[in-house]
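The next block holds one structure in the form of structure tokens; read it before the comments.
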Amino acid sequence: MGSCDGRVAIVTGAGRGLGRAHALAFAAEGARVVVNDLGVGREGQGADAAEGPAHEVVAAIEELGGEAIVDGADVADWDQAEALVARAVDTWGRLDTLVCNAGFLRDRMLANMSEEEWDSVTRVHLKGHFAPARHAIAHWRERSKAGAEVAGRVVMTSSGAGLMGSIGQGNYAAAKAGIALLVVQAAAEWGRYGVLVNGVAPDARTRMTEGVFYGEAPEESWDEKDPANVSPLMVWLGSAACDVTGRVFEATGGQLNVCDGWQHGSVISVGERRFAVDEVGDAVHRSISGSPDPAPVFGT
């Protein structure tokens, strides 16, 4: 018996890297999987869903005795995201888990970044998480209102760049920061329908990181940055066993940790009056000194 027996899962961006590892892991735990991938390159170029890597992932799942189908929807397109959710429901009668993972990079320092580089990256990551999640909650809300027992799970993919910042990746970092907050927001709004929402900031070797942060996989048996190391956490968060919501976790190798978002720092008050301008600087520094230091931005 697998932890996801009988569940239907969508994994976006599942043709390569983290998404591929997640799709295989969900299938190994008994889930029927919609393997969504647009078949684009590292920077979003050359879409080829018809002949793309998602077909290889489905073949691998079927070879292991699992059930999976290919889907080539653009997850940041509203209508295509709706069709993606409908595909799962039409094929297997339900949707239980949505794993949002699709994305690409167009790295550049903010001072040199073009409008297109900003728009394309924030679109695929931030809107590409919200659009399928929005259509998934419509399905779960309808089931909940009809009296069905719902154990919906959404797992979103943030990044260390989104939690801490990353030099040369301002578009990506801003989108991933938005995703981290989207986890908190959706969890607060969707729990009433039986839906739990969490996020993961993975640290792994993928097309996005290989050659930039990490080299090739080591020859020894243990590869700390293997994307498959992150998948057990994704599977548990996407299973009915998951009993937490609104949290974001970092994961790499054989370790994981929860991350805190924005917190209220030390409050400095002048009572029942407004600050004078010449008082503000001292109050700012007193509040900072009485609060935890932020984590440094990657690359600084």
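Bear in mind these aren't lab numbers, they're just calculated from the coordinates by the rules spelled out. Given the structure is predicted, the values throughout are model-derived calculations rather than measurements. Note: ideal-geometry Cβ built from the backbone for every residue, glycine included; neighbour counts use all protein chains shown.
Just want the ordering: E63, E250, from fewest to most Cβ atoms lying within 10 Å of their own Cβ.
Final ranking by Cβ density, sparse to dense: E63, E250.
Using 0.36 nm times the number of residues separating N112 and V244, minus their current alpha carbon distance, what extension gain do you get?
43.5 nm
For an R0 of 45 angstrom, estimate the FRET efficiency from the Cβ-Cβ distance between A86 and Q255 and round to the nearest 0.05.
0.75
Under a plain spin-label model, where a point goes 7 Å from the Cα along Cα-to-Cβ, how far apart in nm are E63 and S266?
About 5.9 nm, to one decimal.
Subtracting the Cα-Cα distance from 0.36 nm times the residue separation, let me have the gained length for E224 to A148 in nm, one decimal.
Extra length available between E224 and A148 comes to 23.2 nm.
Once you've got the GNM for the chain with C-alpha springs shorter than 10 Å, pick whichever of S269, S120, S159 has the biggest mean-square fluctuation.
The residue with the greatest mean-square fluctuation here is S269.
If you line up the Cα atoms of the chain on their principal axes, what length do they span on each, largest first, in Å?
Its Cα atoms span 69, 50, 39 Å along the three principal axes.
Among 139-151, 64-76, 102-114, how do they line up by average Cβ neighbours within 10 Å per residue, starting with the highest?
The peptides rank, most packed first, as 64-76, 102-114, 139-151.
Placing unit charges on C-beta atoms (Lys and Arg positive, Asp and Glu negative, everything else neutral), compute the dipole magnitude of segment 8-259 about its Cα centre in debye, rounded to 20.
I would put it at about 940 debye.
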